[in-house]
Amino acid sequence: MLDTKDLNASTETTSLVRLPPLLAQRDVLRVGGISVAATLIPQSCRLHAAGSIGTVDRSGPGKAKSVIFLWMGGGVTHIDSFDPKPQAPSEVRGSLEDIATNVPGIRFCETLPKLASVTDKLAVLRSFSHDSDDHLLSQVYTLSGRRINRLQLFSEPNIGSVVWRTHGPRSGLPGYIAVPGVTRPGPPPHNLFVGGWLGSKYAPYCLGGLPEQPDFSVGEKLYDPPAKYEEELRPQSLSLSPDVSLSRLSNRQALRDAFDQALRTVERQDQFQAAEAQFQNGLRLLHTPEVRQAFEVGDEPSSVRENYGRTKIGGRCLTARRLVEAGARFVMVDYGYDPDYGNIWDNHNAPVQNHPPIQQMVFRGYHLAGMDRAFAALISDLSSRGLLETTLVVFVTEFGRTPTINKLGGRDHWGRAGSLFFAGAGIKTGQVVGQTDRTASRPLTRPYGPWDVAATIYHLMGINHEDFTADFQDRPRPILDEGAIIRELLA
Amino acid sequence: MWLIPCLLGHLNASDIGPSFFHEVVPLLSKIGCSSGACHGSPNGKNGFRLSLRGYDPVADAQSLTRDELGRRVNKISPDLSLLIQKPMMRVPHGGGQQLKNGDYGLEILRRWLRHGCSTAEPAAACVGIRFNCADSVMLSPTDASRRLEVWAKFSDGTERDVSKLAVFSSSDLGVVAVDGDGQVIGKGRGHAAISVRYLEFWRSLFVTYAPNGTTQQATWPNPMNQVDELVDRQLARLQVVPSGLCSDEQFVRRAYLDVIGLLPSTDEVQQFLPRTDPQKREKLIDELLKREEYAKFWALKWGDLLRVNSQQVGNAGVQKYARWLVDSFATNKPYDQFTRELLLAQGSTLTSPAANYYRTATDVNNATESTAQIFMGVRLECCKCHNHPMEKWTQNNYYGFAAFFNRVQRKTNRRSGDLVIWMADSGELNHPRTGRSVAPWLPGIGDVQDRSDGDRRAAFVDWLTAKNNEFLAAVEVNRIWSHLVGRGIVEPIDDFRDSNPPSNPELLAMLADDFRSHGFDRKRTIRLITNSRTYQSASQTSHQQPADEKYFSHYRSRLLTAEQLLDAIGSFTELPEHFRGLPEGTRATQLPSPDINSEFLEAFGQPKRETVCQCERMVEATLSQALQMANGKLVHDKLSSADGRIHRLVNGGTSDQQITHELYMAAYSRKPSERELQTIQIHISKQANRLIAFQDVGWALINSNEFLMQH
């Protein structure tokens, strides 16, 4: 067993040290100026020797301090966005043209003019591919990096949960935050944002927003909806009731502290201390202006708001940037299933969906046009603030859509091919990785699955995906069951 | 050169160097190479795979000497072998440096390589191991360390010291540490097991570490029953003085929460406190055990284990199964009968709700693992694929148990939401490794012949519920103990194994014996525990109870469970939560299933009931809990509602002091102290609005640890 002295000794030569379980529960420790990530000794390893086991992690410290995981649930059409096929037959190509980007030789669909102007800061992955056309399965594939079956929809932790478990929270903010974390695919509506076998305490902290608010996208589908329909993203759990001011909250706290004198004797117990620490943490969140401020997108100058777009996706991306700036470690922007609108990306154009033909829909503010504007603003904004060097941005959707436009003017599920992008910390940008065939039906190059995407994210966060973590029963579990780092993406 | 190993294989051991089976394989396990996290994982690591902890030496011989064109071993220049280069980190090795010059293990490997890497099976097999000392060891600061020797016995009658090849581990590193050479060092007051493994053999011994006698002069509180005598005996060994009795105020709150899950009402507290009857605590426990809330609350605990939720058993199933549980507790069904009804259930799950046991256990593996975990306290699932590292359970045992459940069949019928459980009269289970069919097997009995009457499970259940069965009673009394005391005598409560010993073996044995010899009467066990001084002790600790978390020297304060807390808030504010679709008055501690989707309950760790593990109920404090309590809508609405207690009192013409008094009784079951009254009076006087001022008091009370915790 390592004690602190051993820990110091072993960190002289290694950057990542497996810690005994008690230490591993805590935040990242700083020992002698070196960050020691709290990975775990699996049970099996712990049993095998009483001596210390200082194992070097091959991946070393991660280049990314934060991750923004742009999770577009529903399946974003790849042909109409990052993988245009101008030479394909018209039933595939449809009516859209391709455009040049600011990287010679890389062309996007005309739906992404703004992302085309920051392509030098992106690495597009066109050979994303896996074996499922099912929403729920592929969504859990992408959220967890695991090839799961139907019984495992809620049992496997999200990538962000593993990051939280490994690295802990930071700056008083939970280690994994979902903005807003309301996507509920179904039917029946399922919450796939779970800590799974890591335990519910590693489920993302979901901002939630206000469920009843009117939606800008209903009625007139404006590219640039008026401000009155902005989404409320201040988390309810951090919003004080009108009748509870901060000073009233302070009064209450003072009163509580006075009451608790009576129980001082039990303070030594672990559970008491943990509960007290969380309580103080919660109140600090409520009281700390910087933290509360992180949720106040209204504080941004109007020009910044306009850059992101006063849309739901724009507001969410801007909130993500503010959270990363405030020190958040893993932020998921979740967009796709809308409580008001339904399935934004799932453009089958079934009669009940009441969608316009997909190639018209893409120009609406809540569809690709809004995404293009929001993502491009996010990349530029992070870049101009110097945050892109330490922040990994990943755009993920569970699959692409069928190459052939269906009779109703929509496209259906297509697990065999899809497009994602990576940007920021540790990424070799201004390039496209992978290539699909002439109708964007399947990769011609090595296909990369959700597990490879997850392995790459873990690698950049300094987590060896071949390592083990421990579940809530303290049994060893591999970080990933399969998958390899996508080396071509790395700088 | 290549022929040499074969030729030498027939010569005696000293000529062929170290034995692959008896030295090299155990060594690779000892230094960690064949652990599950490293090369022992099912896919190996980095292209090199070993059997998990060396259970298959023949396969390991193949991977070491033949695979990768034999480059792992170099017989001519042993030090150029990957087998040496990797663990010494002379070439990059993901597992880090595991051997250094001068290590015994390094010498073994070098000698094995130099002698031509013989993988010949040894002539004499190992038949067992033993320690060179008694089965229990006492250590103290003046005698803090001991070297354990482990000796292996071989079939030719010889014995050898294998300490340097055996794997040692401690069940509690805070009590005693052990190094690779078997040197044990006392670290802190307590009682722990040291386990040792060599090949497939394991043993454990107990180590007690206590400071030299300091507590002889201290005043020890008197034991109130057998429980205390055994707790005190253990504490005396460890030189820990137990706490005295808690106050009546603490007791009444504690007993209500533990026995029926609810806070006592202010009336109930006021009835109890003034009673002068010396037996009043005992009588209160008896009264509580008769209440219907008792049955519902304990049914909730079992609902967690039996996975009662609509996804598992359907909506109708939830109602029926939960009802069956409540009835079982209300009638105090003997636990052996309860077990029999569940494990032998068959028929329609709607008409025989116990049959839902096999509905939630969807296949033979799940039925085997669930049964072992719930009724035997054994986590058997690892054995599905490999032998347990330090335990007696083997993969063969797993399939031997599984064979009892192999003929359970499930089919739907025309009634919606129904499932019929029935027993096939044939069908054998095949062992995945040998492919041969496995006979049902029982510990201490061996293979079991099928009886003519058909139901294979009966032999298992007869064995499990027999008076002399070592598992059933111990596991259930330990579970009851943990519900009441906040920590099992064995902890985790479903992880009984030799390397995880009970913190007080005599206590566990006494409770189990008492349970068995009194008809598996759960209420009796609850009475036995709750009438002890140990249960009724104060939560305050003294300097003579340093860091005792395991030996029950004082009451262990703990957070209320999700359901208890929601009910407590409802009771404090006089605004109990309503649950849609359930009868009026249903409390959270009486919910048949977690299907109501309460954000509050989820945040406080209510399990979804997807596993049979008690650990699914999260007891760790989280940020969202803190935010729910401090700033959540549910708490805010109840505190500020015009129908709630605070409004009623403030608008009822009651004095500040009376209001404070009632709020304290409702929250803590006690009167406010003078100082607390004063604090509140000052707070009230500073606020313009008396209602708001008392809402703040209410907020502070329910956010205080005295409210949130059971103590």
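Side notes on the structure shown:
- The stretch A:187-218 - residue that is part of a loop (DSSP other than H, G, I, E, B) and at positive phi and, of those, modelled with the highest pLDDT: A:G199
Condition check ((1) touching a helix residue (DSSP H, G or I) at 6+ places or on another chain (Cβ under 6 Å); (2) within 18 Å of A:D257 (Cα to Cα); (3) outside any helix (DSSP H, G or I)) across all residues:
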site: A:A275; (1), (2), (3): no, yes, no
site: A:R284; (1), (2), (3): no, yes, no
site: A:V291; (1), (2), (3): yes, no, no
site: A:G298; (1), (2), (3): no, no, no
site: A:N307; (1), (2), (3): yes, no, no
site: A:I313; (1), (2), (3): yes, no, no
site: A:R316; (1), (2), (3): no, no, no
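- Tabulated pairs, the stretch B:168-196, first facing another protein chain (nearest Cβ under 10 Å), second assigned to a loop (DSSP other than H, G, I, E, B) and of a type in the set (V, I, T), C-beta under 7 angstrom, 6+ apart or interchain: B:K187/B:V175
- Number of the exception - B:R410 against (1) more than 23 Å from B:N478 (Cβ to Cβ); (2) under 27 Å from the mean Cα position of the chain (by Cα): (2)
Condition check ((1) assigned to a loop (DSSP other than H, G, I, E, B); (2) touching a Phe, Trp or Tyr at 6+ places or on another chain (Cβ under 8 Å); (3) small (G, A, S); (4) more than 14 Å from chain A (Cβ to nearest Cβ)) across all residues:
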{"residue": "B:P18", "(1), (2), (3), (4)": "yes, yes, no, yes"}
{"residue": "B:H22", "(1), (2), (3), (4)": "no, no, no, yes"}
{"residue": "B:L27", "(1), (2), (3), (4)": "no, no, no, no"}
{"residue": "B:G32", "(1), (2), (3), (4)": "yes, no, yes, no"}
{"residue": "B:A37", "(1), (2), (3), (4)": "yes, yes, yes, no"}
{"residue": "B:G40", "(1), (2), (3), (4)": "yes, no, yes, no"}
{"residue": "B:N43", "(1), (2), (3), (4)": "yes, no, no, no"}
{"residue": "B:V58", "(1), (2), (3), (4)": "no, no, no, yes"}
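- Residue in the stretch A:424-439 that is of a type in the set (D, E), in a loop (DSSP other than H, G, I, E, B), surrounded by fewer than 22 Cβ atoms within 10 Å (Cβ to Cβ) and at pLDDT 95 or above present: yes
- Contact map, the stretch A:224-245: residues that are more than 14 Å from chain B (Cβ to nearest Cβ) and in a loop (DSSP other than H, G, I, E, B) paired with residues that are modelled with pLDDT of 80 or more and surrounded by fewer than 18 Cβ atoms within 10 Å (Cβ to Cβ), Cβ distance under 9 Å, separation 6+ or inter-chain. Pairs shown: A:D224/A:E306; A:E230/A:G298; A:E232/A:S239.
- Single residue of the stretch A:440-478 satisfying the filter (part of a strand (DSSP E or B) and either of a type in the set (S, T, Y) or in contact with a His (Cβ under 9 Å, 6 or more places away or on another chain) (or both)) that is surrounded by the fewest Cβ atoms within 10 Å (Cβ to Cβ): A:P478
- The helices (runs of 4 or more DSSP H) found entirely in the stretch B:512-628 that carry 3 or more residues being out of contact with any His (no Cβ under 8 Å at 6 or more places or on another chain) and among the charged types (D, E, K, R) are B:522-530.
- Meets criteria (within 8 Å of chain A (Cβ to nearest Cβ) and in contact (Cβ under 8 Å) with a residue 12 or more places away in the chain) for B:L639: no
- Verdict on B:G102 being at pLDDT below 90, buried (at least 19 other Cβ atoms within 10 Å of the Cβ) and on the phi > 0 side of the Ramachandran plot: no
- When A:I99, A:I106, A:I79 are checked against the criterion of being away from chain B (no Cβ under 14 Å), surrounded by fewer than 21 Cβ atoms within 10 Å (Cβ to Cβ), closer than 30 Å to A:Q353 by Cα and in contact with a helix residue (DSSP H, G or I) (Cβ under 9 Å, 6 or more places away or on another chain), a single residue qualifies: A:I99.
- Tallying residues that are surrounded by 18 or more Cβ atoms within 10 Å (Cβ to Cβ), within 9 Å of chain A (Cβ to nearest Cβ) and at pLDDT 85 or above within the stretch B:608-635 yields 8.
- The stretch A:268-321: number of residues that are within 13 Å of chain B (Cβ to nearest Cβ), loosely packed, with under 15 Cβ neighbours inside 10 Å, free of Cβ contacts under 8 Å to residues at least 24 places away in the same chain and not small (G, A, S): 4
- B:P92 vs. criteria in contact with a Cys (Cβ under 8 Å, 6 or more places away or on another chain) and either within 14 Å of chain A (Cβ to nearest Cβ) or buried (at least 17 other Cβ atoms within 10 Å of the Cβ) (or both): no
- Filtering the stretch B:341-356 to residues that are in contact with a strand residue (DSSP E or B) (Cβ under 8 Å, 6 or more places away or on another chain) and part of a helix (DSSP H, G or I) leaves only B:A355.
The values are calculated or read from the model by the stated rules, or taken from the named source; none is laboratory data. Here the structure is a predicted model, which is why all the values come from computation and not from measurement. Backbone-built Cβ (ideal geometry, glycine too); neighbour counts: all protein chains shown.
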